[in-house]
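The values are calculated or read from the model by the stated rules, or taken from the named source; none is laboratory data. For clarity, every value in this text was computed on a predicted model and none was experimentally measured. So basically every Cβ, Gly included, is an ideal-geometry build from the backbone, and we count neighbours across all protein chains shown.
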Amino acid sequence: MSFLLWVEATILLLAAVLAGLGAGWVTPEVTIQGNTLSQLTVRTALGILAAAFFGGFVACLAIWRQRQGLAELLRQPGPRGQVLIAPKTVAQLASGLLFEELPETSFRVLLRPKKGGLLLRVFLRLPKEASIPEVAERVQELLTAELSRRTGLTVQEVQVVVHSASSR
Amino acid sequence: MARPEELGEEAGRINIAKEVISSIAALAACEIPGVFAPGGEPFPRGAAARRHVDTELLGDRVRLSLRIAVEYGRVIPELVQDLQEKIKLEVERMTALPVEAVDVEVTRVVFRKGKE
C-alpha cells in the first residue's frame, strides 16, 4: 500500500514538473482544432494543471505522514520484542465490539493518531427510533474502555458521526 | 540460501539454518490458542510457516519477526507476550542460541463464524 502511494506521488510530481516546464517553454501561439489559443491562455492552463498535480503530490505526502504517525503509535515496545498492531486490526476489533453492542446498526471505523493516542471516528447508521446521544455515549464508553484493554493502546477520543437513520 | 549458524568447534561444527529456526518458532506459535496465520487460517507448520516468520542472525543471537492474526475476544498484549515467551523458550531450548527479540505484527482479527 505504501509502495503504491509512493508510485502515485512520484507520477504526480513528474506530471507537475512537466506541466510547469511546458508552461515556461510554450510557443507564442497554439492551435487546437482550428482554434488559436494565446500564449497566456496556454501558460495559465498548464500552470493550473501543474499546481493541481503538485497539490496531489502534497496530499500523498500528507497521507504517508499520517500513516507513519499511526504505525509508530501502534508499535509498542515490550520486554521480549516489539508488538505492532496493524490499523486494520484495531478497526476490526472496534467493529466487533460495536457489532456486539449495536447489532442493528451499520457502522464504519476510521483511525487517526492524536496526542500519543488514538482518535477513532465512528460513522453510524442508526435505526430511526434510536436516541442519538444515548447511543453515542455508549459507543464512546465501550470503545475507550474495551479497545484500550484488548490492545494496550490509549484511546484519546471517540468521535461519533451519525450519517443517516434507517427505517427499520 | 540460508546463512548457517556456527555453534562450536570442539567436536565439530553444528550448523542451524535460519529456516529451521523459523519452523521452530512457527511450531511454538501453533501451540498458543488464539493465534492464527495472517490469512486467518490455522498457523501452518513446516515450510509453509516460513512465509510468516523472518529470522535474523545477529552474530550469535537471533531476532525473530512474526506476522499473525488473533482470534476476536483475546487480549492482544497478553496473547502476544505468551507467544513471545513460548517462542523464545522453544528456540533457545532447541538451538541453544539466545533469542534477542521476538517482534510480532498483528495484521488482523479472526472472527468466529457469522461475526465478521
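For segment A:128-156, filtering for residues that are surrounded by 15 or more Cβ atoms within 10 Å (Cβ to Cβ) and touching a residue at least 40 places away in the same chain (Cβ under 8 Å) leaves 10.
Just checking, does segment A:96-103 include any residue being in contact with a Phe, Trp or Tyr (Cβ under 6 Å, 6 or more places away or on another chain), of a type in the set (A, V, I, L, M, F, W, C) and closer than 27 Å to B:G34 by Cα? Yes, there is a match, as at least one residue in segment A:96-103 is in contact with a Phe, Trp or Tyr (Cβ under 6 Å, 6 or more places away or on another chain), of a type in the set (A, V, I, L, M, F, W, C) and closer than 27 Å to B:G34 by Cα.
Here the condition is being closer than 28 Å to A:P87 by Cα and either surrounded by 14 or more Cβ atoms within 10 Å (Cβ to Cβ) or of a type outside the set (D, E) (or both); of A:T36, A:T10, A:T44, it holds for A:T10 alone.
Looking at B:V109, B:V80, which one is at the interface with chain A (Cβ under 7 Å from one of its Cβ atoms) and either in contact with a Ser or Thr (Cβ under 7 Å, 6 or more places away or on another chain) or of a type in the set (D, E) (or both)? Give the steps one after another, and end with the answer.
On the way: B:V80 fails: either in contact with a Ser or Thr (Cβ under 7 Å, 6 or more places away or on another chain) or of a type in the set (D, E) (or both).
None of the others qualify; the one that does is B:V109.
With respect to the conditions (1) free of Cβ contacts under 8 Å to residues at least 60 places away in the same chain; (2) at the interface with chain A (Cβ under 9 Å from one of its Cβ atoms), B:L57 lacks only one, and its number is (2).
With respect to the conditions (1) in contact (Cβ under 8 Å) with a residue 60 or more places away in the chain; (2) more than 7 Å from chain A (Cβ to nearest Cβ); (3) more than 13 Å from the chain's Cα centre (by Cα), B:E71 falls short on a single one, namely (1). Checking each residue in segment A:106-125 for being surrounded by fewer than 18 Cβ atoms within 10 Å (Cβ to Cβ) and of a type outside the set (A, V, I, L, M) picks out A:S106, A:R108, A:R112, A:K114, A:K115, A:G116, A:G117, A:R121, A:F123, A:R125. Based on what the data block shows, is A:A23 closer than 30 Å to B:F111 by Cβ, in a helix (DSSP H, G or I) and not hydroxyl-bearing (S, T, Y)? Criteria not met by A:A23. Considering segment B:86-99, and only residues there that are without any contact (Cβ under 8 Å) to a residue 60 or more places away in the chain and surrounded by 16 or more Cβ atoms within 10 Å (Cβ to Cβ), the residue that is nearest to the other protein chains (Cβ to nearest Cβ) turns out to be B:K88.
Would a scan of segment B:28-46 turn up a residue that is surrounded by 22 or more Cβ atoms within 10 Å (Cβ to Cβ) and modelled with pLDDT under 90? Scanning segment B:28-46, I find at least one residue that is surrounded by 22 or more Cβ atoms within 10 Å (Cβ to Cβ) and modelled with pLDDT under 90, so the answer is yes.
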